[in-house]
Each structure stands twice: as C-alpha cells, then as structure tokens.
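Here the structure comes first, spelled out in structure tokens, and everything after it is commentary.
The values are calculated or read from the model by the stated rules, or taken from the named source; none is laboratory data. This structure is a prediction, so every number in the text was calculated from the model and none was measured. Cβ placement follows ideal geometry from the backbone for every residue including glycine, while neighbour counts extend to all protein chains displayed.
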Amino acid sequence: MTYDSLIFDMDGTLWDAVDSYTEVWNRTSHELNVDHIVTRDDLLHYMGKTIDVIFDVMMNGIGVDTQTYLRRLAYNEEKLMPELGGKLYPGVTDGIKRLATKYRLFMVSNCGKDGLKNMLRYSNLTEYFEGTLTHGETGRGKDFNNTQIIKTYSLRRPLYIGDTQGDCDSAHAAGIDMCYARWGFGKCHDAELSFESFHEMTEALLSSI
C-alpha cells in the first residue's frame, strides 16, 4: 500500500489530555453550580464521541440547559487547554517530524473548534501539519470532515490514524484506509494497518508501506 498523506486523530493517538479535559468539565460544573463530578474514567469511556453525545450520556438529568453548559464548556476549554495541555505519547514528537519528510500531514478530530490548534501549539508541532478540521468547526462527523480534507487538499491516497472503531468506521465511510493506534483508548477490529506504538508505526510508514 502506498499513501500520499496521513490524517491523524488527536486524543488517544497523539496525546492523552483526559486529566485536563476532566478539569475543564469540573470547572464548568462548578461555575454553573452543577453538583456533578466528572472523573477520568467517565471521560475515557466516551473518548472519540462528539461533545454533544458525551454531554447527553454523562450529564443526563442534572437540570442544566444543554446549550448553556456546552457554551461555557467550550469557553473554558479554549481558555484552559493551552495551559493544561496533555501528554504526548512516546515517539510522537520525533515521529511527526520524520513522517513530515515523506507525507503530507493533517488532523481531523471530534473536538471543539480550537482543540487541534491548541494541541499543535502546545506541542510545537504546528509547522508539520498542512491542515486540520474539527467537529466544532463544521458540526459534522469525521466521515464528512475527512472527505472535506481530501477534497480541499486534493489528496489521492490518504491514511487515517486513530484509536477507536468509530475512527475506523468514519475512515471507511470516507473511502480511505485506517491505521489502528493500539496504544490509545479504544478498540478496532477491521483496520487495514495496526501498530503497538507510535515508533513502530513511524518506522513502518517510512519504509515499504
């Protein structure tokens, strides 16, 4: 298989920022006088879902207006995440720099509109990515956003790299192959490629694949 570009998921693929997201959710609840504590395990269970889906499941019955909460959550994420950040997985920084010498790099995520830009600035990797697109920007899922990236940048043979079955389903719906990041949060049963670490994936993608 020969690919001309790589489209990365963020959470569970490039970094683990769940502790920071937990802080953002709980700060929002405190500011809105919502008596509900979100834990790391709560968020881990729904990583990869869009924010409205996560809210509907985790905050069902708490008695706060959905849009009020989500607006405050988005505000707090934009304000706090550039400072809180996350932990890049081993091999990501070096791997991205090396992969950028062979592939065009992109990101598509179900995060808020500034999530990817914040992550790239925090990790000093902005210069290696040609384009990004998020659920927060389009209100659409990864299948649509992958398709938009492909059209916008005239990609011929992109590979999506993510860590959940939802990532895989979205990639296939967009007509592209999936690489399963086994080091992440989720499971995947029908990806075209699969690796145990970012380093292993980097070496493979830089060799014969």
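Going by the conditions given, is Asn118 part of a helix (DSSP H, G or I), at pLDDT below 95 and buried (at least 16 other Cβ atoms within 10 Å of the Cβ)?
It is true that Asn118 is part of a helix (DSSP H, G or I), at pLDDT below 95 and buried (at least 16 other Cβ atoms within 10 Å of the Cβ).
Contact map, region 90-106: residues that are free of Cβ contacts under 8 Å to residues at least 12 places away in the same chain paired with residues that are crowded, with 17+ Cβ neighbours inside 10 Å and assigned to a loop (DSSP other than H, G, I, E, B), Cβ distance under 6 Å, separation 6+ or inter-chain. No pairs are found. Any idea which residue in region 34-89 is farthest from Arg140 (Cα to Cα), counting only those that are out of contact with any strand residue (DSSP E or B) (no Cβ under 9 Å at 6 or more places or on another chain) and touching a residue at least 60 places away in the same chain (Cβ under 8 Å)? The extreme case among them is Leu84. In this entry, Asp56 is excluded by the filter for residues that are in the same structural domain as Asp143 (by TED's automatic domain parsing), out of contact with any Lys or Arg (no Cβ under 7 Å at 6 or more places or on another chain) and on the phi < 0 side of the Ramachandran plot.
Applying the selection to region 58-111, what residues are within 19 Å of the chain's Cα centre (by Cα), over 22 Å from Glu200 (Cα atoms) and hydroxyl-bearing (Ser, Thr, Tyr)? Listed by number, the residues that qualify are Tyr75, Ser109. Does Ser154 meet the test of being within 20 Å of Thr2 (Cα to Cα), assigned to a strand (DSSP E or B) and among the small types (Gly, Ala, Ser)? So Ser154 fails the test.
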